[in-house]
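The values are calculated or read from the model by the stated rules, or taken from the named source; none is laboratory data. Quick caveat, the model's predicted, so the values are computed rather than measured. For neighbour counting, all protein chains shown are included, and Cβ atoms are generated from backbone atoms with ideal geometry for every residue, glycine included. Ligands, DNA and RNA are stripped out before the accessible areas are found, and what is left, the full protein with its side chains, is counted by its heavy atoms. Shrake-Rupley method; radii C 1.70, N 1.55, O 1.52, S 1.80 Å.
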Amino acid sequence: MAGKWRQDNPFEEVEIEVNPFSVRSRASSCRITPLPPEPVNFYNDIGAPVNMPLDTKKDLKKKEKELLAKEAELNKREQEIKRREEALERAGVRIEPKNWPPFFPLIHVDISNDIPVHLQRVQYVAFASLLGLIICLFWNFICVTAVWIIGDGPKIWFLAIIYFVTGVPGAYYCWYRPLYRAMRKESAFRYGWFFMFYFFHICFCVFASVAPSILFVGRSLAGIFQALSVITYSATVGIFYFIGFTLFVLEALLSIWVMQKVYWYFRGSGKEAEMRPDAASRRPPF
């Protein structure tokens with residue numbers, strides 16, 4: 001019984017002697033299980049054909065001719081523009097591309113290239129006085145708006161808008177651009193134009209810094225008199241007016257400095273003597 005159990009034990013290791021020199025045993029040990037059959041067109045199935053339009057030789061030549069024609073047209077336009085610029089320059093007309101302010105160009109300002117080196121400092125300060133006037137008028141508008149909100153009439157508010165809308169472009173066209181062109185071309189007539197309007201500019205700054213109570217005009221300017229009047233019932237608005245008074249005073253002092261420097265150069269360079277004969281033959285600079 002025990003012998004039978006030992007013989008039928010499935011877990012018992014049985015040593016099988018295999019003759020390596022036997023042909024049958026070598027063939028049976030080297031037999032490899034074949035792979036399953038592959039489907040038809042397994043290696044030849046490249047999918048559906050893709051319709052890719054290929055340019056023929058004729059199309060390539062046609063596109064090349066079109067590109068050459070466009071290039072020739074651009075070269076022709078460039079030469080035409082260059083020819084016109086040279087003609088305008090020979091005629092004394094200078095093209096001034098707008099480049100300031102950088103984010104929204106409105107005017108042309110290129111002092112380092114247009115103005116002689118010995119006059120650039122004065123021109124930079126004159127440009128600073130133009131920017132200072134813009135700041136003064138804008139701050140004046142804020143001050144007058146604050147007074148209008150706390151109970152004053154709308155007339156002064158409309159006057160403040162008029163000062164800003166007319167003062168900024170008026171300053172540029174009436175005295176800054178004539179000075180810019182006078183220094184660039186050494187024009188005696190433009191110097192005279194600048195002196196006339198810049199004098200009115202200085203008078204306005206002095207009047208605005210004082211702001212006398214003349215009807216309702218005085219309340220539309222942030223001067224010392226109006227600052228003292230407003231601060232009695234509104235300290236915040238009064239401080240705004242005092243800041244406006246300070247800005248107008250600084251603008252007036254800066255403008256007086258510019259006027260003095262330009263006048264000294266005007267007299268020292270001999271332009272004052274040239275102004276009388278030029279005044280009858282020259283036209284205004286704008």
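Compute the FRET efficiency between Ile243 and Ala87 as 1/(1 + (r/R0)^6), taking r as their Cβ-Cβ distance and R0 = 51 Å, and round to the nearest 0.05. E(calc), rounded to 0.05, equals 0.50. Distances between placed amide hydrogens fall under 5 Å for Trp100 paired with Leu106, Ile107, Val109, all partners being 5 or more residues away or on another chain. Between the beta carbons of Arg267 and Val165, assuming R0 = 30 Å, the FRET efficiency works out to 0.25 to the nearest 0.05. Taking the Cα centre of each part, how many Å lie between region 60-78 and region 110-172? Region 60-78 and region 110-172 have Cα centres separated by 51 Å.
Leaving out ligands and nucleic acids, and using a 1.4 Å probe, what accessible area per residue does region 107-162 come to in Å²? Can you show the working numbers first?
Numbers: 2630 Å² over 56 residues.
In whole numbers, region 107-162 has 47 Å² accessible per residue.
Give me the number: length gained by fully extending Ile214 to Asn113, i.e. 0.36 nm times residue separation minus the C-alpha to C-alpha distance, one decimal in nm. Before the final figure, lay out each step's value.
Working: separation 101, 0.36 × 101 = 36.36 nm, distance 4.58 nm.
Net length gain for the segment: 31.8 nm.
With 0.36 nm allotted per residue and the present C-alpha distance subtracted, the Leu68-Arg121 stretch has 14.1 nm of extension available. Global dimensions of region 123-277 from alpha-carbon coordinates: Rg and Dmax equal 17.4, 58 Å.
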